[in-house]
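J.: Below you will find the structure I want to go over with you.
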Protein chains: 2
Amino acid sequence: MSPTELAAPSFFTEYLPHVSVDCVVFGFDAKGLQVLLLKMKHCDDWALPGGFVRQQEGVESAATRVLQERTGLEQVFLQQFRVFSEPRRSAANKWTSENEDLQAWLNQRFITIGFYALVPFEKVAPQPDSISDACSWWNLADVGKLMLDHNAILHSALEALRLQMRYQPIGYNLLPEKFTMPELQKLYETVLGQTLDRRNFQRRMLDFGLLEKLPERKTGVAHKAPFYYRFNKTQYDKALEEGLAGGW
Amino acid sequence: MSPTELAAPSFFTEYLPHVSVDCVVFGFDAKGLQVLLLKMKHCDDWALPGGFVRQQEGVESAATRVLQERTGLEQVFLQQFRVFSEPRRSAANKWTSENEDLQAWLNQRFITIGFYALVPFEKVAPQPDSISDACSWWNLADVGKLMLDHNAILHSALEALRLQMRYQPIGYNLLPEKFTMPELQKLYETVLGQTLDRRNFQRRMLDFGLLEKLPERKTGVAHKAPFYYRFNKTQYDKALEEGLAGGW
DNA sequence: CGCCTATGCGTTGAATTTACACAATGTAAA
DNA sequence: TTTACATTGTGTAAATTCAACGCATAGGCG
C-alpha cells in the first residue's frame, strides 16, 4: 500500500463506528402527510434518510447535515425521539459494494438515533445520497415495507409527534407562511388521525394566542374565501418552550 | 505478546466503542425524591451510574444490567429519554489508571444514552462499581456539581419524568406495595414541584381507576389514620399503554 | 340571479375543574 | 378523663372548560 492509500479517507476514520442517525421527515400538502424516503441501490427496499456521526460532531449536527443534504433546507425542526439498538436490527445487513471500505462500514452493527423533522413540503428539493438512486415523498398511507426496522422507526416517530402535539404547537414548519384555518385544521386532523369540529378548533387555536389574522383572504377559491393567518413566531417559540395548556 | 495476552478480555472487544448509557435512578422516601449517585475514584466528583453496551446487546439491556449491578433489582421501570452527544462533553475526560486498556477506553469520546429509572427506595442495596468507591442516595435538592455533563442529564431526566406524569401514572415503582393517599400525593407534589389540593387529588386518582382501597388503616400514626391503597397492576399497565386523560 | 357549499361568528347545555365546608378519627396535652 | 388539635374522609357549589350545534354570509357556478 502506498502512503496516499493509507491516508485515503475512510468511513472508519471519519465517523464514529456503530452509530447512525435516521430521520423521519414529515411534510404536509393537500394530499396529506408525506414522508421522505430513499430508494436504495441494488435492492427493492425504500429507507429513511440516514447518515453517520463525524468524529467531532454531535448527533443533532449529524441529523441536521443529513437533512440539509436530502432536502436542501438549512433550518428545520428536528427532534430526537428514540434510540433503536437491538443487535438483530443490523443482522439483515448484507451490503455488497466495489468499495471495500464502504462495504465493511455498512455491514457493522449499528445503533441508530431516531429523529423526526417537520419541513415545508413545497420548499424541499429531494436529493438521493450515494447509496440510493432516488429520493422522494411518499404519502404516509402508501408507505410499504421499508429496509431493516425502518417501518418501526417511522411508526414510533408518528407516535412521538402525536404526543408532542398534546403540549406543543405544530404547524410553523409544516405550513407555508400564510395559511387558512381550514388548512391548519387539516394538518391537525391528518396527524392526529381524527376529525375535529371546525368551530371549536378555530376557537381553540385562536385562544392559544399564536396566530395573527391577516386582512387578506385566499383568492381563486370556490365558495366563501377564508382569511389568511400566520404564526406569531415570538409567541410560537414561547409555547414551544413552555408548553400549551390542554390537548386533544 | 503471547496468545493468552492477545486473547485477554479488553473493553474494546467486549463493548461498542464511543457508546455509553447513563441512568438517573429516582427513589422516593419520606424525605422526598432521591437520586442514586456514585463517588468516582481519584476525584471529588459524584456521577450518575453508567455503563457500556456489549457487542451483542441493546441499549435497554445495557441499562438494565447497570441498574441490576448498582441496585440489585431485576425488574425496574426504565425509560430512555435523550441522547447526549456534544463532542466537548467528553473533552474533560482525563482518566488515569494502571490498567492501560481501561484508561484508553475511558478517554474515548462518548455519546451517552440517558435513561431514567423509578425504583422502590427501600429495596435498593447500592453497590459502587469498579471505578467508584461509593454508591448512595442523594436528596435531589442536595445534589451538587456532578461529573461532566451529568447535572444536565439529571435535569433533563426530571423534565422528562414530569412530562411523562401528564399522561401516564407513576408510583407503582416508587412506592411500597401498600401506601396511603397522602403518601401518593406527596410523591406527585415532590416530582411536580407544586402543591395540590388534597381532596381534588384524591378524587382524581380514584377516578383513574388504578387504585384499590384496602380495609386496613395505617397504624402507629399521629392523628386520624389513613387507609391503605394499592395499585391494580392490570389497570396500571393498561394506563401505561393507553395513557391517562388529563394532566396537571 | 338563485343555488350550493364553505366560512365566520355565536349559543347552549354538559362535563370537568376548582375552591371550600364540615364531620370523623386518633394522638397528645390539660 | 377531658379537651385541644392536626389530619383524614366525604360532600357541595361555583367557576371554568369542553362539546355539540345554529345561523347568517360570502363567493363561485349553472
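Derivation of every value follows stated rules applied to the coordinates shown; laboratory data play no part. Since we're looking at a predicted model, the values are computed, not measured. Here the Cβ positions follow ideal geometry from the backbone for every residue, glycine too, while neighbour counts run over all protein chains shown.
J.: Report the full-extension gain for the segment A:Gln127 to A:Glu86: residue separation times 0.36 nm, less the Cα-Cα distance, to one decimal in nm.
T.: Between A:Gln127 and A:Glu86, full extension yields an extra 11.8 nm.
J.: Given just the C-alpha atoms of the stretch A:3-165, how large is their convex hull per residue in cubic angstrom?
T.: Values: hull volume 19.3 nm³, N = 163.
Hull volume over Cα atoms, normalised by residue count, gives 118 Å³.
J.: Still on this structure: Restricting to bridges with both residues inside chain A, how much of the DSSP beta-bridge set is antiparallel, in percent to the nearest 5?
T.: Roughly 75 percent of the beta bridges in chain A run antiparallel, per DSSP.
J.: List the pairs from B:Lys123/B:Lys218; B:Lys39/B:Lys123; A:Lys145/A:Lys218 whose alpha-carbon separation is above 31 Å, in the order I gave them.
T.: A:Lys145/A:Lys218
J.: At 20 Å minimum axial length over the Cα atoms and a Kyte-Doolittle cut of -1.0, report the qualifying DSSP H helices in chain B, or say none.
T.: B:150-165
J.: Copy-to-copy spacing for A:Gly32, label 7 Å out on the Cα-to-C-beta vector, in nm, shortest first?
T.: Those separations, rounded to one decimal, come out as 5.0 nm.
J.: Lys/Arg Cβ at +1, Asp/Glu Cβ at -1, dipole of the protein assembly as shown taken about the Cα centre: which of A:Thr190, B:Leu158, A:Leu148 is farthest positive-ward?
T.: Looking along the dipole axis, the top candidate is A:Thr190.
J.: Per-residue Cβ counts within 10 Å, from other chains only, averaged over A:79-85: what number is that?
T.: Per residue, the average neighbour count from other chains is 5.
J.: How are the C-alpha pair distances of the stretch A:117-219 spread across 5 Å bins, as whole percents from the shortest bin up?
T.: With a bin width of 5 Å, the distribution comes to 2, 9, 17, 22, 19, 13, 9, 6, 3, 1.
J.: Let me ask something else. Could you compute how fast the stretch A:166-220 diffuses translationally, taking Rh as the Kirkwood radius over C-alpha pairs and applying Stokes-Einstein at 37 °C with viscosity 0.692 mPa s? Give it in µm² per second. All intermediate terms of the calculation are to be shown ahead of the outcome.
T.: Details: Rh = 12.1 Å.
Approximately 271 µm²/s, per Stokes-Einstein.
J.: Sort out the exposed loop GluC sites (Glu not before Pro) in chain B (DSSP loop, at most 12 other Cβ within 10 Å) and tell me the longest stretch that has none.
T.: Values: sites that count: B:Glu74, B:Glu98, B:Glu177.
In chain B, the maximal stretch lacking such sites is B:99-176.
J.: Name all residues of the stretch B:210-224 having a backbone nitrogen under 18 Å from the label point set 7 Å from the Cα of B:Lys238 along its Cα→Cβ direction, giving them as ranges.
T.: B:210-213
J.: Please compute the volume of the convex hull spanned by the alpha-carbon atoms of the protein assembly as shown and report it per residue in Å³. Kindly include the intermediate steps, with their values, before the conclusion.
T.: Details: hull volume 96.1 nm³, N = 496.
About 194 Å³ per residue, rounded to a whole number.
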